[in-house]
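The values are calculated or read from the model by the stated rules, or taken from the named source; none is laboratory data. All values derive from a computational prediction rather than experimental measurement. All Cβ positions, even for glycine, are placed from backbone atoms using ideal geometry, and neighbour counts span all protein chains on display. When the accessible area is computed, the model is the full protein with side chains, heavy atoms only, and any ligands, DNA or RNA have been set aside. Shrake-Rupley method; radii C 1.70, N 1.55, O 1.52, S 1.80 Å.
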Amino acid sequence: MSKNKILLPILTALTITSFSSMSHAHAAAVEFTNQDWQVACDNTRTCRLAGYQAENNSQLPVSVLLVRRAGANATVDGQVKFGGAKESAAKALMQLGNRHRISLVIDGKDLGETKPFSAAAGNAELTSSQVTALLDALTKSSKIELVLRNSRWQLSDKGASAVMLKADEAQGRLGTSSAFIRSDDAKKPNSSVLPPKPAPSLRFVAPNPAAISSSNKKFVMKSSQLSAMMKTTMRDADSDCPNLFDETSWRVSRLNNTQLLAQHECWVGAYNAGIGVWVINDNKPYKPTLVTTNATDYDKGKITSVQKGRGIGDCLSKADWMWTGKAFEKSHESTTGLCRMVEAGGAWQMPTYVTEVKILR
């Protein structure tokens, strides 16, 4: 094969699931951070609120996740997770097992034990009464502790009210009795609360890397020509894909009898990197379509992007795209919460975009 040409007689057996990039709007998506708390509401209007220890208190990392779906009668579920990255926390966590339970203490008052700690999940569920007490404590200045024997993890309340208010706004609860932040003159009925939205449905179609071109022609194009063509799909290629014209080879594989997947390294940072992914026709007009310049993996029709929030990798952002037969469509987008040393890879899954993927057989 010529060094500076892309020749595709029979494409390599890379199976592809792709997603058409921007076809679904993030209808109710919300992401907001205030001090030690964060909220992410996805496109079904489910809101997830995560709180942590104060940023300057990393010896005993802790996080609480509160999940509330949309709808007037939706309840709130709570979980707690301890971090073991620091030596002091690691020693305390060695005592944890399914027979040890964690106590919630608010302003010195013991509110009982959580449900049993799950070693597999790495967290413990709060009881409904603990969730109620915690929600009340978070609306004012409170000392919130999770206690195991002689170890005490302190959860910050800083920023919680602002995050709860944002969740109320996203779910249409402002001014109702079901709001996290309630006012004495709440007059709106709970019937005005926004209902849940169904997740968009995506049809996954397995690509066919062994398909024969409908024109019976080989795909032949110089690397420089391919790069020049892909440049037209970006507003600012120098910023989005600065490595587009370097000597890194293109990877081209077949999706079906008329469409190809093209990949090229786009950028490299201190602890992240991004691959550019395009769909093109195998003959003129090529009609290149950019999926993303931030991909980190492609496998059997699924494009994935995983980017670290900082070098140690205790917080991530994620996105997936899947092949629907004609285009790649985004199927998932999320973060793992704030960078607070709770867990390698992040403490929680906090999606802002979800779909229901159906596999076409």
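Under a Gaussian network description of the chain, with springs only between Cα atoms under 10 Å, the residue in G122, G274, G51 that fluctuates furthest is G122.
Fully extending the segment from N216 to E247, taken as 0.36 nm per residue of separation minus the present Cα-Cα distance, adds 8.2 nm.
Subtracting the Cα-Cα distance of S192 and D136 from their residue separation scaled by 0.36 nm leaves 17.9 nm.
Accessible area per residue for segment 312-361 is 40 Å², calculated with a 1.4 Å probe on protein heavy atoms, without ligands, DNA or RNA.
Solvent-accessible area per residue for segment 222-311 at a 1.4 Å probe radius, Å²? Display every interim value, and only then the final one.
Details: 4390 Å² over 90 residues.
That works out to 49 Å² per residue.
Using the average count of surrounding beta-carbon atoms within 10 Å as a protection proxy, the listed peptides 284-291, 39-46 rank, highest first, as 39-46, 284-291. For the chain, the carbon plus sulfur part of the accessible surface works out to 49%, probe radius 1.4 Å.
Just to confirm a number: summing +1 for Lys and Arg and -1 for Asp and Glu over residues other than F328 whose beta-carbon lies under 12 angstrom from that of F328, what do you get? Local charge sum for F328: +1.
Out of every Cα-Cα pair that the chain contains, those further apart than 35 angstrom amount to 38 percent. Contact order, relative form, for the chain: 23 percent (alpha carbon pairs under 8 Å, 6 or more residues apart, mean separation divided by residue count). The residues of segment 97-221 expose on average 54 square angstrom of accessible surface per residue, using a 1.4 Å probe on protein heavy atoms.
In plain terms, the chain from V268 to R149 could stretch by 38.3 nm, reckoned as 0.36 nm per residue minus the Cα-Cα distance.
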